[in-house]
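So the structure is just underneath, and the comments pick up after that.
The values are calculated or read from the model by the stated rules, or taken from the named source; none is laboratory data. The structure presented is a predicted model; accordingly, all values stated were derived computationally and were not measured. Please note: Cβ atoms are built from the backbone with ideal geometry, for glycine as well, and neighbour counts cover all protein chains shown. Just the protein is used for accessible areas: all its heavy atoms, side chains included, with ligands, DNA and RNA removed. Shrake-Rupley method; radii C 1.70, N 1.55, O 1.52, S 1.80 Å.
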Amino acid sequence: MGAAEAEPGPSVPPMPEDALSDVDYVRELAQFILRNCEQQLRSVLLSQDPMLHFPLVIEFAELLDASPSLAYLIFANPAKFLPLLDEAAHGAQEVVFEAFKDREEMVLKEFLHARIDVSGSPLECPETFPRIGRLRVKHRGILLTLKGTVIRSGPIKMIEGEREYECRKCKQVFKVYPELETGNAIRLPMSCPSKGLKSCGGTHFRFVEGSIVCHDYQEIKIQENVHVVGVGSIPRSIPAILKDDLVDMVKAGDDVVVTGILTAKWSPDVRDVRCDLDPIMVANYIRRTNEFKSDIEIPEDAIETFNQFWAQFQDNPLKGRNAILHGICPQIFGLFTVKLAVALTLVGGVQHVDASGTKVRGESHLLLVGDPGTGKSQFLKFAAKLCTRSVITTGLGSTSAGLTVTAVKEGGEWMLEAGALVLADGGLCCIDEFDSMRGHDRATIHEAMEQQTISIAKQHRGSEKTKDTEDLACVWPLPLLRRYIQYVKRNFQPILTKEAERVLSSYYQLQRRSALQNAARTTIRMLESLIRLAQAHARLMFRNEVTRLDAISAIICMESSMTASAILDDAGNALHSSFSDNPDQEYAKQEKLILEMLKSVDHAS
């Protein structure tokens, strides 16, 4: 196989590396930096701390447009040309310093690093932007980009980057660089590397005092996203090395895009064990993508669709709500109460700070309990699809970190490993087989859910969907439903009306007086849960105001989580709950029943 077939890359004619000298390459790169990065250089020069490490971000797409051949060389041989790019950045810095030093207070920086951002360039193609699980030998030595989630972050350490030696025979001073592949070991040359007409052949060298250059150093581990892994496969991971200004930029749980060089590191020398080369990524640039996952774009036509939808159901809003709920897990027949609970959990309430300064979360937790085959896992998987950031795990299959974070010792060093809750930060964590969770994990999940409550929904019949259900589900396909949830969470912050507040408060007092209820349910958290559910229902109904309808719906949802409802006779069986042909008429009956029950509380007060 020829070299052109084995080595991936942009389809541009390669420039022979011996066509120009290193000085010519540096000059051309410096000219490009001056044309495209002058403002960045001025910002760096204006900083008054000369000892910090500063990044100079270079857009690879711009370099490819300006000089395709030069961009190809950086891609094909980054080990040689990235140091030349750093040298060009320092040269460009000096030019900008001389041009503006009379007008602005500038300080030349000793530590300036050129960072390559491949966004929008051909380096985002599958061959040069592979999944971590598809890394092969052909990717070694090129400028590679990987995408994944940080699952471990090691401590920040100091590592030696270079030192100088002097030949005792010819007094020639030369630099020696530690070898990353052998654990940063220093290897002296066999003979003097003098570049004169004739080598002196000296074999004895003297270390030059004060010549050691050190770097900040950190190792992280990146794992490919679970959603891109095929059926029957497990997500792969790879360690990555961060240096200088890149250290401490990301933490466990962050989604990142890393650009760098794939190399190999010798595994520890263990007796009677084969020595292997472990792949490792030396990062040149790293970019967090958390904010992009949690903030999806909602086009104007989708917003117009939402407005038209609610204008159509202005006279019968509950029928419109049910049309939305039909789109949740449409492969499962019925289970109206469960689908409503899932929708309210995904939409969530409004986060606020109480009088004591304690932050009260707006999100609720949902616990689905039922016999095997009742569709619990189906609801979890569908809910994960509706969220822009989600993690699905099981009580038995959780990571060694459990669900939160733990310290893991690897290679004699302690590192932080992220569990499912950390990886789902800002999104949704779905835990299947919750009852199989280990004792330690149960304790941690209870601590994580301390400010929340649990809504229990039960038992799905193997009936086929009716034609009406299919028609309604088509109104809200998954992409539109996902955008709707993100839109209402972002644009609606419902506040309670006096009437809604009175209804919720009366129901709370009724529960406290009822001897049938567990004492744990009579805490103030139950009232907070009711408020969250009512706010979530108002969001679902496309409103900024929590009305009596939302308060009653929250009470119905809460009652359905109880094994025996104190108010509604048919609310306790979520398994047999179905979509009503006339939801507004059914709601009117339930509202009348609830309000009559709450009158006794109002009279007693």
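Here is how the numbers come out for the structure above:
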quantity	calculated
Distance (nanometres) between label positions extended 7 Å along Cα→Cβ at residue 206 and residue 356	7.1
Two-site label geometry, residue 581 and residue 277: point separation in nm, points 7 Å out along Cα→Cβ	7.3
Listed peptides 527-535, 66-74 by packing density, highest first (mean Cβ within 10 Å)	527-535, 66-74
Cα gyration tensor category, rounded, prolate or oblate, for the stretch 140-213 with a/c compared to 1.5	prolate
³J(HN,Hα) computed for each position of the stretch 88-100 - Karplus, 6.51 cos²θ - 1.76 cosθ + 1.60, integer Hz, glycine/proline x	5, 5, 5, x, 5, 4, 5, 5, 5, 4, 5, 7, 10
By accessible area with a 1.4 Å probe, ligands and nucleic acids excluded, highest first: order of 208, 118	208, 118
Amide proton proximity set for residue 142, modelled H, under 5 Å, gap of 5+	262
Cross-link table 138/175; 319/339; 80/157, entries beyond 22 Å C-alpha to C-alpha	138/175; 80/157
Cβ crowding within 10 Å averaged over residues, with 477-483, 111-117 ranked highest first	111-117, 477-483
Sorted peptide list for 165-177, 337-349, criterion being average Cβ within 10 angstrom, highest first	337-349, 165-177
Cα-centred dipole magnitude for the stretch 315-373, charges only on beta-carbon of K, R (+1) and D, E (-1), debye, nearest 20	80
Neighbour cut-off at most 11 other Cβ (10 Å), DSSP loop, trypsin sites (Lys or Arg not before Pro), the stretch 68-109	103
Cα-Cα over 28 Å, subset of 265/385; 498/599; 359/589; 147/243	265/385; 359/589
Accessible area of residue 205 in the full protein assembly, 1.4 Å probe (Å², nearest 10)	30
Using θ = phi - 60° and Karplus 6.51 cos²θ - 1.76 cosθ + 1.60, couplings along the stretch 111-121 (whole Hz; Gly, Pro as x)	10, 10, 10, 7, 10, 9, 9, 8, 4, x, 10
Counted charge near residue 103, where neighbours are those whose Cβ lies closer than 15 Å (Asp, Glu -1; Lys, Arg +1)	-3
In nm, spacing of pseudo-spin labels at residue 304 and residue 111 (7 Å Cα→C-beta vector)	5.4
The stretch 33-110: C-alpha gyration tensor shape, a/c 1.5 cut-off, then a/b vs b/c	prolate
Span from the the stretch 324-387 Cα centroid across to the the stretch 35-85 one, whole angstrom	47
